Amino acid sequence: MALLGGLEPYTSQAIQCPSSYNSGVELLPLSLLVVFALLLGSLIGSFLNVVIYRLPAGISVVWPRSRCPHCGHVLSPLELVPIVSWVVQGGRCKNCKRPIPLRYPAVEGLTAVLFGVAALLRPVFPELVFIWAFIALLIALAFIDIDTKTLPNSLNYGGIFLGLLGAGFLGFPQNFQAAVDGGLMGAGLVALFAGYGGWLYNRFKDGPREGPFGVHQVHLAAMVGALGGMLGTVGGTWLGGLGIVVGLLNASLNARTGKVFALHDSLTLGLGALAPIVAWLLGLSPLESLRGMLVSAGGMALAGMLYWWLRNPSDKVEPAPAEENLEGYVSVMGYGDVVLAGFLGVWLGFSSLMVAVFIAVFAGAIIGSILRRFGGDNQIPFGPYLAIGGLVAFFYGKAIVQWYLGYIGLA
């Protein structure tokens, strides 16, 4: 069943699993499925509130029991009923009468609504279970980013793994090869946004050197991937992925020697940008050069972030050290956004990811200007905008791409 476009309207008739997963048991009528989704979503939203608060604090999300952050009162089951408890208690703790933030029922309500919408748009199992997990992860990531300006690796890589798992065993949200390509190219796209943006913003100043993995290895991989992609396939091997190999060799050398060997950003980013132009002048494929650049940069960025996460698996947000950034280099985007783009690329594919990025940039410009007008310096990081764009693109991305291609006469 098509995600959109070919999606047929559903009535209240019973919904069954597609033949490849059919156990011969009827599931719920659509109306009951939506009600179930709303109830489940509110419960999951209640758990997400725990994740949003505890994960950056380095506290277990399953123990101890939920309690009032002001007086430490342990909440009873009746005080944990999503939305209803907050309304009945007048938005205050039953014990100390201190106010409970409106965001708690808001997260529960948002999750419930999105689960219900997903059930309406894609009432097919087991895909719907994956979609609910996708929604829950994005909600948690968005609110944690708002609170801490960080995106936990456990949630980002969990989303990547879940998407690849579904693609490998179910062909959902897309086939496995498309999921891998989308994840690598998505991460590469945002990593290069960060790379070129920082390079230009800092007036071509070289970024801080980190080892064994750092942005310099990502930029090296991008350059080699762009040059290799320009040459296409040789002996059955696509050379666009050569950048990942070279980047990993550079990181291995750094780890073995304890030093950081890195080329200057002006060389790697400059040659990387020139490669598609040279490919076009030589009658080769500039698109394959761009693809090699994105795949190699994305693969290196995801590998590097995975390395640092495995070195320190905690998602606890620590205060930034006072001596940080002595070189005065300003980063225009964090690498948590890079991994989030890889997560979305696995689920959406590259074309729909471009829709998500466009929506994120557009929403960021509009909401950011409003906040600057009325909220001063209280700005929202890019992660929540990417989450919004990802949700819209998941359900409507293919339709938007087809509409746009038709609009410019390329459908």
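Of note:
- In the condition set (1) outside any helix (DSSP H, G or I); (2) outside the structural domain of residue 250 (by TED's automatic domain parsing); (3) without any contact (Cβ under 8 Å) to a residue 60 or more places away in the chain, residue 210 is compliant with all but (2).
- Taking the conditions (1) closer than 30 Å to residue 57 by Cβ; (2) of a type outside the set (Gly, Ala, Ser); (3) at pLDDT 95 or above in turn, residue 213 satisfies each one other than (3).
- Residue within the range 148-158 that is more than 30 Å from residue 273 (Cα to Cα) and of a type in the set (Ser, Thr, Tyr) present: yes
- Checked against the criteria, residue 298 counts as at pLDDT 95 or above and not assigned by TED's automatic domain parsing to the domain that holds residue 188.
- Among the residues of the range 138-189, those identified as free of Cβ contacts under 8 Å to residues at least 40 places away in the same chain and under 28 Å from residue 107 (Cβ atoms) are 158, 161, 162, 165, 166.
- Residue in the range 131-144 that is in a helix (DSSP H, G or I) and over 19 Å from residue 52 (Cβ atoms) present: yes
The values are calculated or read from the model by the stated rules, or taken from the named source; none is laboratory data. Bear in mind that the values here come from a model prediction, so they are computed numbers and not experimental data. Neighbour counts run over all protein chains shown; Cβ positions are idealised from the backbone, glycine included.
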